[in-house]
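Here the structure is laid out as structure tokens; the discussion comes afterwards.
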Amino acid sequence: MFRAWNFLVILPLLFALRKLSRKQRRQSIISQSDERVLILGASSGIGRRIAHKYALRGARVCVVGRRDDKVTVVVKECETDNTIGITADFGNVGDMIRVRSKLEKEWAGIDTVVVAAGVSALRPLLEVAGVNSEQNSDASEAGIKFAVNAAEAAIKGNYIGPMVAAITFIPLLRRTSRSPSILLISSLGAVIPAPTRSMYGSTKSASLLLYQALAIEHPSIKFSFVLPSTVEGDFRASAVDQLSSTIQASDHTPTDSKSALQIDDVAQRCIQAVDQADKVIFMPGTMRLGHLLYWLWPSFVEKKAMEKYNFTAD
Ligand SMILES: NC(=O)c1ccc[n+]([C@@H]2O[C@H](COP(=O)([O-])OP(=O)(O)OC[C@H]3O[C@@H](n4cnc5c(N)ncnc54)[C@H](OP(=O)(O)O)[C@@H]3O)[C@@H](O)[C@H]2O)c1
């Protein structure tokens, strides 16, 4: 008789076989050395490591970032003649058209687009607007304007950029690749609310939902979404809600930042997600349950989030 526990053995096995066959299917269409990979946001961090790994397996790689010197360094680090570096802002329409023209001329198209670029925002919203919760003061006009400027920078870096990239590169992917893929590096903060990350999480969430809807509108393209928790590195330096250096802001470093994910592991999982056409990857994987738990027991998740960010409510 077929018992329920048989499912526990057979289901993961079927799942693994399905992934393997999807990987083999893509590789039978495009060999690793023929793959043409565009990485938006590859001048540092996770995108840079993804560039190294694709270059190592022989792919053609295009490294994009705004800092010219860093782009040049990453191209050198890739150590192949197959790497192109372009200094460009992915939220700038002219820049993205320039990248598209260059890749069409050099490679006659692209197979994989990795959207790694993004900016952080690290402070409680009312603190950004200069509200002093101890004095119970109202936000000043200047404070509200400061918060709006920070939000506009977050929207540009985390939503407009991915949107411009999608509009610019989806038609090129469809026209020129026999197995087109798009990978968006989103964040756990896009699906599980966290204190001090209201601006960051909400803007990352906007691009995640945008790309999830695009995946339905363009079924011929395989979309993957990687949602990491805190990753080692210097992402905090890109914060768009920083005060001037003379004013001290409260520090809300996650309490578990010492156990942050390794850049190498995240980069490896991103490439694997593209190879296997995985849809949504939580890192660590247990956080998929955290997302579900929020809808079942929100107060528990809120408490854990406050602990993680060492946050005390007023
Ligand atoms: N680090 C974390 O804890 C963490 C956790 C979860 C998710 N993530 C996500 O992972 C992604 C990569 O972050 P990371 O940790 O690798 O940080 P990072 O080292 O700051 O890398 C971000 C990259 O994006 C580029 N970039 C930013 N804005 C850009 C723009 N407008 N146009 C072109 N390039 C742009 C940066 O280069 P330029 O400055 O040279 O333009 C840099 O190469 C981000 O999307 C982030 O939201 C990070």
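The values are calculated or read from the model by the stated rules, or taken from the named source; none is laboratory data. What you see is a predicted model; the values in this text were computed from it and never measured. Cβ atoms come from the backbone with ideal geometry, glycine included; neighbour counts cover every protein chain shown. Protein only, heavy atoms only, side chains kept; ligands, DNA and RNA dropped before computing areas. Shrake-Rupley method; radii C 1.70, N 1.55, O 1.52, S 1.80 Å.
Quick one: with all protein chains in place, what share of the accessible area of the stretch 70-199 is carbon or sulfur, to the nearest percent (1.4 Å probe)?
Within the stretch 70-199, the accessible surface is 54 percent carbon and sulfur.
Could you give the alpha-carbon Rg of the stretch 264-311 over 2.2 N^0.38 Å, rounded to two decimals?
The stretch 264-311 yields a ratio of 1.46.
At a 1.4 Å probe radius, which order do Asp275, Asp68, Asp234, Asp264 fall into by accessible area, largest first?
Working: Asp275 15, Asp68 95, Asp234 120, Asp264 60 Å².
Largest accessible area first, the list is Asp234, Asp68, Asp264, Asp275.
Connecting C-alpha atoms closer than 10 Å in a GNM of the chain, tell me which of Gly118, Gly157, Gly290 has the biggest fluctuation.
Gly290
Please determine, in degrees from 0 to 90 and to the nearest 10, the orientation of helix 198-217 with respect to the longest principal axis defined by the Cα atoms of the chain, where the helix direction is its Cα long axis.
So the inclination is approximately 30 degrees.
Any chance you could run the full-extension gain for Glu152 through Thr80? It's 0.36 nm times the residue separation minus the Cα-Cα distance, nm to one decimal.
22.1 nm
Identify which of Leu227, Leu209, Leu122 has the largest mean-square fluctuation in a Gaussian network model of the chain, with springs joining Cα atoms closer than 10 Å.
Leu209
Output the pairs from Lys53/Lys156; Lys76/Lys222; Lys204/Lys308; Lys258/Lys279 with a Cα-Cα distance over 21 Å in this structure; if there are none, say none. Don't jump to the answer; show the numbers that get you there.
On the way: Lys53/Lys156 28 Å; Lys76/Lys222 30 Å; Lys204/Lys308 19 Å; Lys258/Lys279 28 Å.
Too far apart for the 21 Å limit: Lys53/Lys156; Lys76/Lys222; Lys258/Lys279.
Using a 10 Å Cβ count of at most 16 others and DSSP loop calls, identify the longest part of the chain lacking such trypsin sites (Lys or Arg not before Pro).
Free of exposed loop sites, the longest segment is 68-177.
Shape of the stretch 231-314 from its Cα gyration tensor (a ≥ b ≥ c, root eigenvalues): rounded if a/c is under 1.5, otherwise prolate when a/b > b/c, or oblate?
Verdict is oblate for the stretch 231-314.
Would you compute, for the Cα atoms of the stretch 71-199, the largest minus smallest coordinate along each principal axis and list the three values in descending order, in whole Å?
Principal extents (Cα only, largest first): 61, 28, 26 Å.
What per residue convex hull volume, in Å³, do the alpha-carbon atoms of the stretch 181-302 yield?
Normalising the Cα hull of the stretch 181-302 by residue number yields 122 Å³.
Counting only residues 5 or more places away or on other chains, whose amide H sits under 5 Å from the amide H of Ile281 once H atoms are built in the peptide plane?
Excluding prolines and chain starts, which carry no amide H, the hits are Phe225, Val226, Leu227.
With a 1.4 Å probe and all protein chains left in place, how much accessible area per residue does the stretch 219-314 have, in Å²?
That works out to 60 Å² for each residue.
Between the stretch 155-187 and the stretch 287-305, what is the separation of their alpha carbon centroids in Å?
Between the Cα centres of the stretch 155-187 and the stretch 287-305 lies a distance of 30 Å.
Calculate how large, on average over all directions, the projected area of the Cα convex hull of the chain is; give the answer in nm² to one decimal.
Reported value for the Cα convex hull: 19.0 nm².
Can you tell me the 0 to 90 degree angle between the C-alpha axis of helix 68-78 and the longest principal axis of the chain, rounded to 10?
40
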